[in-house]
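Input: a single structure, listed below in C-alpha cells.
The values are calculated or read from the model by the stated rules, or taken from the named source; none is laboratory data. Small disclaimer: the values here were computed from a predicted structure and weren't measured. Cβ: placed from backbone, ideal geometry, glycine included. Neighbour counts: every protein chain shown. Areas reflect the complete protein model, heavy atoms only, side chains present, ligands, DNA and RNA absent. Shrake-Rupley method; radii C 1.70, N 1.55, O 1.52, S 1.80 Å.
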Amino acid sequence: MDSSGSANADSDPHGAQRPLSPHLSVYRPMMTMMMSIAHRITGAGLYVAMALLTLLFIGVGMGGAFYAAFGWLGSSAIGGLLVFLITWAIYHHLLGGVRHFLWDRGLYMDPKGREALAIGTLVGGVGLTVLTWIAKSLAG
Amino acid sequence: MSTPTHFKSGREGRGAAFVADHHGSEHARFMRLTSYALAPLGILAVWYLAGVVGLSADGVRAAIGRPFPALTLIAFGVIGMIHAREGMNEIILDYVHDPALKDKALRANQWAARAIAALWTLALMLIAAPR
Ligand code: HEM
C-alpha cells in the first residue's frame, strides 16, 4: 500500500498508540440505528427459532420418542416463553420490513419521521405481541 | 460524464464496495419481494403459534392440522427460509472475512436453510395427515 505514515498497527510500530478517528463512539445512540441492529438480530434469531419450531412439529407429527424429546417446546413453561419470544421477534421483524417498505418509497425520511417509525417498530412489536396473546387467551 | 484528474490515490484494485458478492441491489429486491409474502403469512403464523402453547400433541394436531393452518404454516416456513437464507448470506459476508471460513459458512447456510424448510414441511404434512 502507501509508504507514508499509516495508522496500521501491523505495519507501523506506533500504530496502536495513534488515535483513531472516532466513528461509532461519536454517535449518539439513535433509535434508527438501534432498530437496524434489532432487525438483524431478530432475523438471525428467527432462523434459529424456525429450527426449534421444526423440532416441535416433528415431535407432534411423529409422536412417541420424538414427542418425548421435543414436545416440551410446546407444552412446558420454558417452551411457552420461547414461543412467546418468537412471536414477538416475528412481529418486530415484520414491522421492520414495513419500515423498509415506507423508506423505500421515500416516506418518513425526515429526522422526526424516521425516528417516529423506529419507535413505532419497537412499541408496535411489543404491543401487537401482547394484544395477540390476550386475544388468543380470550378466544381459546 | 467523467472528470479527468491527475490525482493518484496510491490505491489499486476494486474498492470496499466491491468486496462483497456484487449482488447488493438484487439482494435488496429479493428480500423485499419475499417480505411481501411473509408479512401476511407472518401474522397468521403468529396467531397459530400462539395457539399451540400448552396443548397436548393431540391438541396441537387439532389446532394446526386442518388444511388452511397447515398450508399457511408450510408457506410461511418455506418462503421464510428462502428469505432467511439470503439474509444470513448477507450477515456472513458482512462478518466472516477469512475466505475459507466464509466459504464454509455460506455452504453450511445453504444446506441448513434447505434442511429446515424441508423438515418443517414434512413435519406439518405429518401433523395434517389423517390418522
Ligand atoms: C414476517 C415477515 C417478514 C418480513 C416482513 C421480513 C422483512 C425483511 C426485510 C425487508 C429484510 C431486509 C432488511 C434490509 O434490507 O436491511 C429482512 C432481512 C432478514 N430477514 Fe426478514 N422478514 C420477515 C420474516 C423473516 C423470517 C421468518 C426470518 C427467519 C426465518 C427472517 C430472516 C431475516 C434475515 C436473517 C434477514 C437479514 C438481516 C440483515 O441482513 O440484517 N425474516 N427481512
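Please report, in debye to the nearest 20, how large the charge dipole of the stretch A:6-112 is about its Cα centre when each Lys and Arg carries +1 at its beta carbon and each Asp and Glu carries -1 there.
260
How big is the dipole moment of the protein assembly as shown about its Cα centre under a simple scheme where the beta carbon of each Lys and Arg is +1, that of each Asp and Glu is -1, and everything else is neutral? Debye, nearest 20, please. Kindly include the intermediate steps, with their values, before the conclusion.
Working: 21 positive and 15 negative charges, 114 e Å.
Dipole about the Cα centre, nearest 20: 540 debye.
Assuming 0.890 mPa s and 25 °C, estimate D for chain A with Stokes-Einstein, Rh taken as the Kirkwood radius over Cα pairs, in µm²/s.
Details: Rh = 18.9 Å.
My calculation gives 130 µm²/s for D.
Using only Cα atoms, what is the ratio of the radius of gyration of chain B to 2.2 N^0.38 Å? All intermediate terms of the calculation are to be shown ahead of the outcome.
Numbers: Rg = 21.5 Å, N = 131, 2.2 N^0.38 = 14.0 Å.
Scaled against compact globular proteins, the figure is 1.54.
What does the extension gain come out to for B:ARG114 and B:TRP47, with contour length at 0.36 nm per residue minus their alpha carbon separation?
21.7 nm
Let me have the 222 nm mean residue ellipticity of the protein assembly as shown computed from DSSP H runs of 4+ only, each contributing -39500 (n - 2.57), with the sum over all residues rounded to the nearest 500.
Working: 9 runs with 196 residues, N = 271.
Calculated from helices alone, the mean residue ellipticity at 222 nm is -25000 deg cm²/dmol.
Just to be sure I understand: if you take the accessible area of chain A alone plus chain B alone and subtract the pair, with a 1.4 Å probe, what total do you get in Å², rounded to 100? Write out the running numbers ahead of the final one.
Details: alone 10050 and 9760 Å², together 16550 Å².
Buried surface at the A/B interface: approximately 3300 Å².
If I take R0 = 30 Å and measure r between the Cβ atoms of B:ARG131 and A:TRP72 in this structure, what FRET efficiency does the formula 1/(1 + (r/R0)^6) give, to the nearest 0.05?
In this case the efficiency is close to 0.85.
Please report the spacing between the Cα centers of the stretch A:46-79 and the stretch B:105-131 in Å, no decimals.
Measuring centre to centre over Cα atoms gives 13 Å.
Give, ordered by residue number, each residue of the stretch B:98-131 whose 1.4 Å probe accessible area is reduced by a minimum of 30 Å² on adding the remaining protein chains to the chain alone.
B:ILE116, B:LEU119, B:TRP120, B:ALA123, B:LEU126, B:ILE127
Between the helical axis of A:111-139 and the dominant principal axis of chain A, each derived from Cα atoms, what acute angle in degrees is found, rounded to the nearest 10?
20
Round to the nearest 0.05 the FRET efficiency obtained for B:ALA39 and B:LEU122 when R0 = 25 Å and r is the Cβ-Cβ distance. Mind dumping the intermediate values first?
Values: r = 25 Å, r/R0 = 1.01.
Efficiency at R0 = 25 Å is approximately 0.50.
What is the Rg over Rh value, at two decimals, for the protein assembly as shown, using alpha-carbon atoms and the Kirkwood definition of Rh? Mind showing how you got there, number by number?
Working: Rg = 23.1 Å, Rh = 21.5 Å.
Radius of gyration over Kirkwood radius for the protein assembly as shown works out to 1.08.
What is the percent carbon and sulfur in the accessible area of the protein assembly as shown, measuring with a 1.4 Å probe over the protein chains and ignoring ligands?
Values: 11350 of 16550 Å².
Solvent-exposed carbon and sulfur of the protein assembly as shown make up 69 percent of the total.
Taking the Cα atoms only, what angle lies between the long axis of helix B:99-128 and the longest principal axis of chain B, rounded to 10 degrees?
Result, in degrees: 20.
For chain B, with a Gaussian network of springs between Cα atoms less than 10 Å apart, report the residue from B:GLY80, B:GLY42, B:GLY51 with the top mean-square fluctuation.
Its mean-square fluctuation being the largest, the pick is B:GLY51.
Using a simple spin-label model with points 7 Å from Cα along the Cα→Cβ vector, what separation in nm is obtained for B:GLU26 and B:ASP58?
About 5.2 nm, to one decimal.
Assuming R0 = 30 Å, what is the FRET efficiency of A:ASP110 and B:VAL78, from their Cβ-Cβ distance, to the nearest 0.05? Write down the numbers at each step before the final one.
Values: r = 38 Å, r/R0 = 1.27.
According to the calculation, E is roughly 0.20.
Largest first, what is the accessible-area ranking of B:MET31, A:MET33, B:MET125 with a 1.4 Å probe? Provide the component values of the computation, followed by the final result.
Details: B:MET31 30, A:MET33 60, B:MET125 110 Å².
Descending order: B:MET125, A:MET33, B:MET31.
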